[in-house]
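Engineer: Just passing along the structure, written as structure tokens.
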Number of protein chains: 2
Amino acid sequence: MTMGSNRRQFLKVAGASAVACATASPSSALAGGSPDPAAAAAAVPFTLGMASYTLRAFPVDQAIEMTKRLGLTRICFKDFHLKLDAAPEVIAETVAKVKAAGLDLYAGGVIYMKSEAEVDRAFAYAKAAGFKMIIGVPTYELLPYTSKKAQEYDIPVAIHNHGPDNPLFPTPQSAYERIASLDRRLGLCMDVGHTQRSGVDPSESAEKYFDRLLDIHIKDTSAATAQGKTVEIGRGVIDIPKLIRTLTRLGYKGTLALEYEKDDKDPLPGSAESIGYLRGVIAALA
Amino acid sequence: MTMGSNRRQFLKVAGASAVACATASPSSALAGGSPDPAAAAAAVPFTLGMASYTLRAFPVDQAIEMTKRLGLTRICFKDFHLKLDAAPEVIAETVAKVKAAGLDLYAGGVIYMKSEAEVDRAFAYAKAAGFKMIIGVPTYELLPYTSKKAQEYDIPVAIHNHGPDNPLFPTPQSAYERIASLDRRLGLCMDVGHTQRSGVDPSESAEKYFDRLLDIHIKDTSAATAQGKTVEIGRGVIDIPKLIRTLTRLGYKGTLALEYEKDDKDPLPGSAESIGYLRGVIAALA
């Protein structure tokens, strides 16, 4: 699988080589346990980040603080932290606050879109906030319209898959097949938990659909079935070392955004354990 | 280095092969990210645990709850959680509580001993609590007396090293040289942070002094000098993957007890990140 032209386009939109980002991020997500943490950071092409759904019970200021405490440098916002219908001045103020905290607010989502008006609103919102991509779930019928808007705004849309209990995009494959003929700005946000819960190995999906893989929600699940519940990364059934090896080999340059669904009122310990686990795997494989 | 007779003796005292313990512990400290967590657990001979100094600002009930939340199954108690002069019924009640919580209260310490009376008290305390070892710091002059008592009680004493800013046992070497001619029940609790702060690679010390290595306090440090401060494991300068590889190769069957000194009023996130990091390294190397 080679990097498609839209993937290059996306990286251009992102404003920088992710490799350079990873190398530059001080004591970042990728700082490993080696005597030279920068060496471990440079060893993987991707960056760890936060999907703010994890912090949904907390106001935006606390969400920023918690993300910083975990040593992360990237965040994508669920609407709890920036309402889809927020006034332009609220959007500007919030975005400025995140930037001042040293975080890259790279995306918004997951944004569900059930009408053309909701697609329109999502793109206007993303443009106002300066998001580099939308993590979204349009209905199947809205995909051609979403594709047109992605071209118009030049903002990629990463389709988020949601597991065996949701008929809309249960797997990366179900999204890939529906966007393959559409504009290359339509891609995937692979939710590794929901993918595994569908009985599909996320490493295999990453490899198969890599040319459209724009973002990843990283988590772990207690079982590879619909009954699987989110657990701290490392305590579940997902083969995380295999996923990290696969993404490194493929040269995935996006984000692994932690979406820790457990402990909504007290998410920091489980989030920290999960991020620590990812860093440990990265350091050991470096 | 082969396992000395006292090491076998210690394992006998411990009541079980640590390998068997590791394999048996359900969703334990060692559960890796592989589809079969038991496989990752079985891949390392040692067990992760908690040094309760980490939780010194919390009463014993909360310390137990926090340790359980981290998925750990072993704990050693600093005197904050069981006073050295506690009444026998308090000791019995506390030990029963820890056991009922499913934790193995394997040791007490660090216990400082500055007189024969303090050595006597430490052994009486350890016997009453059923500790499998004392993690201790007797003065250099008290080592022969401590050795005699260790024989008498058949309770090993793991000498804890304390770094370049403390003249008493700054490194594992400084302890090893002073106990080499004494009873083999005298061994080492290597504090990997203080070892690294002394400019010594803890992996090398583990290898050199393995025949007396009874326990390990695991942590990370921001610098390999006296100025180094405790940080979340993985954010510092210690080569943790090398240490895990070394201990696995040597067949270390003891505990890696987390002593996280930072954030004393809110230690759970940093502790969780540290334990997650260790599990990630273990899973990736499995």
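Engineer: Any chance the range A:117-124 includes a residue that's part of a helix (DSSP H, G or I), touching a strand residue (DSSP E or B) at 6+ places or on another chain (Cβ under 6 Å) and not aromatic (Phe, Trp, Tyr)?
Structural biologist: Yes, the range A:117-124 has at least one match.
Engineer: Any idea which of (1) facing chain A (nearest Cβ under 8 Å); (2) part of a helix (DSSP H, G or I); (3) without any contact (Cβ under 8 Å) to a residue 60 or more places away in the chain is the one B:Ser205 doesn't satisfy?
Structural biologist: Here B:Ser205 meets the rest and fails (1).
Engineer: Among the numbered criteria (1) within 12 Å of chain A (Cβ to nearest Cβ); (2) more than 17 Å from the chain's Cα centre (by Cα), which single criterion is violated by B:Ile233?
Structural biologist: Condition (2) is where B:Ile233 drops out.
Engineer: Every residue in the range B:172-196 that is part of a loop (DSSP other than H, G, I, E, B) and surrounded by fewer than 24 Cβ atoms within 10 Å (Cβ to Cβ), please.
Structural biologist: B:Ala180, B:Ser181, B:Leu182, B:Asp183, B:Arg184
Engineer: Also, quick follow-up: In the range B:105-130, how many are touching a residue at least 40 places away in the same chain (Cβ under 8 Å) and more than 11 Å from the chain's Cα centre (by Cα)?
Structural biologist: Here the count works out to 3.
Engineer: Here's a follow-up. For the range B:245-281, which positions are within 18 Å of A:Gly234 (Cβ to Cβ), more than 8 Å from every other protein chain (Cβ to nearest Cβ) and either in a strand (DSSP E or B) or more than 17 Å from the chain's Cα centre (by Cα) (or both)?
Structural biologist: B:Leu256, B:Leu258
Engineer: Additional query: Any residue at all in the range A:223-230 that's under 29 Å from A:Pro156 (Cα atoms) and more than 9 Å from chain B (Cβ to nearest Cβ)?
Structural biologist: The answer is yes; a qualifying residue exists.
Engineer: For the list (1) touching a Pro at 6+ places or on another chain (Cβ under 9 Å); (2) farther than 23 Å from A:Arg178 by Cα, I need the number of the one condition that A:Thr230 fails.
Structural biologist: So A:Thr230 meets the others, but not (1).
Engineer: Right, another one. I want to confirm something. Restricting to the range A:23-60 and keeping residues that are farther than 30 Å from B:Gly199 by Cα and either at pLDDT below 95 or among the β-branched types (Val, Ile, Thr) (or both), which single residue is surrounded by the fewest Cβ atoms within 10 Å (Cβ to Cβ)?
Structural biologist: Selected residue: A:Val60.
Engineer: Determine, yes or no, whether A:Tyr145 is in contact with a Lys or Arg (Cβ under 9 Å, 6 or more places away or on another chain), at pLDDT 95 or above and among the hydroxyl-bearing types (Ser, Thr, Tyr). Before you say what the answer is, go through the steps one by one.
Structural biologist: Details: in contact with a Lys or Arg (Cβ under 9 Å, 6 or more places away or on another chain): no; at pLDDT 95 or above: yes; among the hydroxyl-bearing types (Ser, Thr, Tyr): yes.
Considered against the rule, which asks whether it is in contact with a Lys or Arg (Cβ under 9 Å, 6 or more places away or on another chain), at pLDDT 95 or above and among the hydroxyl-bearing types (Ser, Thr, Tyr), A:Tyr145 comes out as no.
Engineer: Restricting attention to the range A:61-103, and to residues there that are in a loop (DSSP other than H, G, I, E, B) and within 14 Å of chain B (Cβ to nearest Cβ), which single residue is surrounded by the most Cβ atoms within 10 Å (Cβ to Cβ)? Talk me through it step by step, then tell me what you get.
Structural biologist: Within the range A:61-103, the subset in a loop (DSSP other than H, G, I, E, B) is A:70-73, A:78-87, A:101-103.
With the extra rule that they be within 14 Å of chain B (Cβ to nearest Cβ), the set shrinks to A:70-73.
Details: A:Leu70: 23, A:Gly71: 23, A:Leu72: 23, A:Thr73: 26.
It comes out as A:Thr73.
Engineer: Name the single residue that is surrounded by the fewest Cβ atoms within 10 Å (Cβ to Cβ) among those in the range A:209-222 being within 15 Å of the chain's Cα centre (by Cα) and away from chain B (no Cβ under 14 Å).
Structural biologist: In this case the residue turns out to be A:Phe210.
Engineer: Here are some residues: B:Gly199, B:Gly236, B:Gly251. Which one is among the small types (Gly, Ala, Ser) and crowded, with 19+ Cβ neighbours inside 10 Å?
Structural biologist: Only one candidate passes the filter, namely B:Gly236.
Engineer: Which residue, of A:Asp201, A:Asp191, is acidic (Asp, Glu) and in contact with a strand residue (DSSP E or B) (Cβ under 9 Å, 6 or more places away or on another chain)?
Structural biologist: The unique qualifying residue is A:Asp191.
Engineer: Something else: In the range A:104-128, how many residues are touching a Phe, Trp or Tyr at 6+ places or on another chain (Cβ under 8 Å) and surrounded by fewer than 19 Cβ atoms within 10 Å (Cβ to Cβ)?
Structural biologist: Adding up the residues that qualify gives 3.
Engineer: Could we say that B:Ile216 is assigned to a loop (DSSP other than H, G, I, E, B) and either under 17 Å from B:Gly109 (Cα atoms) or free of Cβ contacts under 8 Å to residues at least 60 places away in the same chain (or both) here? Give the steps one after another, and end with the answer.
Structural biologist: Details: assigned to a loop (DSSP other than H, G, I, E, B): no; either under 17 Å from B:Gly109 (Cα atoms) or free of Cβ contacts under 8 Å to residues at least 60 places away in the same chain (or both): yes.
No, not satisfied.
Engineer: Pairs please, first residue from the range B:232-255 and on the phi > 0 side of the Ramachandran plot, second anywhere and crowded, with 22+ Cβ neighbours inside 10 Å and hydrophobic (A, V, I, L, M, F, W, C), Cβ atoms under 8 Å, 6+ apart in sequence or on different chains.
Structural biologist: B:Gly234/A:Ala31; B:Gly234/A:Ala283; B:Gly234/B:Ile240
The values are calculated or read from the model by the stated rules, or taken from the named source; none is laboratory data. Nothing here was measured: the structure is a model prediction, and the numbers come from that model. FYI the Cβ positions are ideal-geometry reconstructions off the backbone, even for glycines, and counts take in every protein chain you see.
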